[in-house]
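The values are calculated or read from the model by the stated rules, or taken from the named source; none is laboratory data. Please read all numbers here as calculations on a predicted model, not as lab measurements. Cβ coordinates were reconstructed from backbone atoms using ideal geometry, including for glycine residues, and neighbour counts include every protein chain displayed. For accessibility, only protein heavy atoms count, side chains too; no ligands or nucleic acids. Shrake-Rupley method; radii C 1.70, N 1.55, O 1.52, S 1.80 Å.
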Amino acid sequence: MIVSAKGIHKHFGHLHVLKGVDLEVAERELVFVIGPSGSGKSTLLRCLNRLEQPSAGSVTVDGIDMLAPATDINHARQRIGMVFQSFNLYPHMTALGNVALALRKVAGKSRAEADALGLAALERVGLADRATHRPLELSGGQQQRVAIARAIALEPRVMLFDEPTSALDPELVGSVLAVMRSLRESGMTMIVVSHEMAFARNAADRVVFMDDGLILEQGPPAAIFENPAHERTRAFIGQIQRH
Amino acid sequence: MSSWDRFTDTFFNAKVMAKYWPDILYGVGVTVELAVLIVVSGLLAGLALALIRALAIRPLNWLIIFIVDLFRSLPPLVIIVLIYFGLPAADISPSGFVSTWLSLALVLMAFAEEIFWAGITSIPKGQWEAARSTGLGFGQTLTNVILPQALRLTIPPLTNRTIAITKGTALGTVVAVSEILGMASSAMSNSYNPSPLMMGAAAYLVLFLPVVVAGRWIEKKFAWKR
Ligand SMILES: Nc1ncnc2c1ncn2[C@@H]1O[C@H](COP(=O)(O)OP(=O)(O)OP(=O)(O)O)[C@@H](O)[C@H]1O
Ligand SMILES: [Mg+2]
């Protein structure tokens, strides 16, 4: 298992947001996480790269104990790419600058090496010709692809996506999903929080349904979507399919 | 004598001006020196405090907030007088120049810290998270991602505040600093004529007008739509 999270709890003050989540992800697997708003999907993803410190439990990624005090967290995070709903590109840098920053500062590449690798990453998301553009000069879909390039440039072993298409106009969603699909075809392990059912149906290996801080059920997309075991899963799927 | 002649003879008296312009020029030198020292040390100290505050160490932050609020609420003149007349009680006797420098630098530090801090906190949390998720450390994120954006936002308010506080160098007269106003007013009482004050005013214009205009230009250049 390349990702192994066991017994994850997370409290925010009095709020008990994750109530003992176990999630194992195999190499090259694409796991889709769905669930109602506030069920803890984002918090779970953020516990995996320790953007959020779990209150209890263990997280291992690519053999590294993410929660051990001795772990060099900045080094470990290079292996876990993350893509956010709001892109979070650095507005004062060009697309290439965004992608090359961590290559230089974290991976220790020279500027020339970092630029070459950054350009290659932009090439993979189809945006090499936008390398010198600032984020504000790019469409939302292009910005999100730059954000993906920024993450994959570090050659992570796992990619986390937190609602990568939710902030996009409908006509721009396809370009981002296409990049995610090609990433999957290249063998990337991916954990995706999203409500893009069609994408889940034909790209996901497994769908995980979260409710109220727990994984309620999981299984192949067809099983979860057509034949959920729990009433709450059924209600949730019915609800998003009506949209 | 026409009233116009009387006016020029009083306020722009050629003889008095010829006699005292070297004094005024000396004052200009002192004012510039004082201003540069205040701006450099005040801004650096303000930035340093804001960066320490970003580390989010509770007791340290309370101390910073206390210091900053203190120096923002006291009138600069009071601080100058307290340092000049008060510190000797602790066996430190700073000169008028040093007292003025210290006081105004502390005031600028306090205002600059608040401005830098407001700039840092106005950067969305997502910027921190994106940078940290790629493995950048706290300091690397601060210097490469947060500060370049934050400083841009701080330039207009910082320019205004810096100009306002630098003009406070005139308060140095109270503790016998030979800056422009001090030189002008002693020349005025020696010559029984206000012309030196006019020269002083002209000197302030020559010094500060370009800075004010430059400030306006910088504000335009860095005004930033997001
Ligand atoms: N930093 C925080 N401080 C306090 N509460 C938080 C914090 N982050 C999340 N929460 C709370 O934790 C709960 C779960 O949030 P989370 O963002 O993980 O849900 P989600 O499943 O991703 O929802 P959505 O679909 O709306 O994104 C929510 O009630 C949220 O308000
Ligand atoms: Mg979420």
ask   = What tally of residues in the range A:35-64 results from selecting those that are crowded, with 17+ Cβ neighbours inside 10 Å, near ligand 1 (Cβ under 8 Å from one of its atoms) and more than 14 Å from every other protein chain (Cβ to nearest Cβ)?
value = 5
task = Kindly indicate which of A:70, A:116 is open to solvent by 50 Å² or more (accessible area, probe 1.4 Å), among the hydrophobic types (A, V, I, L, M, F, W, C), away from chain B (no Cβ under 14 Å) and assigned to a helix (DSSP H, G or I).
result = A:116
query = What's the number of the condition residue B:162 fails, among (1) assigned to a helix (DSSP H, G or I); (2) within 14 Å of chain A (Cβ to nearest Cβ); (3) buried (at least 16 other Cβ atoms within 10 Å of the Cβ)?
reply = (2)
task = Search the range A:90-103 for residues being open to solvent by 10 Å² or more (accessible area, probe 1.4 Å) and more than 7 Å from chain B (Cβ to nearest Cβ), and hand back the single one that is nearest to ligand 1 (Cβ to nearest atom).
result = A:93
remark   = Looking across the range A:170-198 at residues that are touching a residue at least 60 places away in the same chain (Cβ under 8 Å) and away from ligand 1 (no atom under 16 Å from the Cβ), the single one that is most open to solvent (accessible area, probe 1.4 Å) is A:184
key: Residues of the range A:39-61 that turn out to be on the phi > 0 side of the Ramachandran plot and touching a strand residue (DSSP E or B) at 6+ places or on another chain (Cβ under 7 Å), as a count   = 2
Residue tally, condition in contact (Cβ under 8 Å) with a residue 40 or more places away in the chain and surrounded by 20 or more Cβ atoms within 10 Å (Cβ to Cβ), over the range B:171-186 = 10
ask   = Quick check, is residue A:79 within 13 Å of chain B (Cβ to nearest Cβ), under 19 Å from the mean Cα position of the chain (by Cα) and closer than 23 Å to residue A:25 by Cβ?
value = yes
task = Give me the pairs, please: first residue somewhere in the range B:81-96 and more than 20 Å from residue B:71 (Cβ to Cβ), second residue anywhere and in a helix (DSSP H, G or I) and open to solvent by less than 60 Å² (accessible area, probe 1.4 Å), beta-carbon distance under 9 Å, and either six or more positions apart or on two chains.
result = B:93/B:87; B:95/B:175
task = Taking the residues in the range B:187-211 that are among the hydroxyl-bearing types (Ser, Thr, Tyr), surrounded by fewer than 19 Cβ atoms within 10 Å (Cβ to Cβ) and touching a residue at least 24 places away in the same chain (Cβ under 8 Å) as candidates, determine which candidate is farthest from residue B:9 (Cα to Cα).
result = B:204
query = Would the range A:11-34 turn up any residue that is in contact (Cβ under 8 Å) with a residue 40 or more places away in the chain, within 14 Å of ligand 2 (Cβ to nearest atom), in a loop (DSSP other than H, G, I, E, B) and away from every other protein chain (no Cβ under 14 Å)?
reply = no
Number of the condition not met by residue A:136 [criteria: (1) hydrophobic (A, V, I, L, M, F, W, C); (2) more than 17 Å from the chain's Cα centre (by Cα); (3) open to solvent by less than 20 Å² (accessible area, probe 1.4 Å)] = (3)
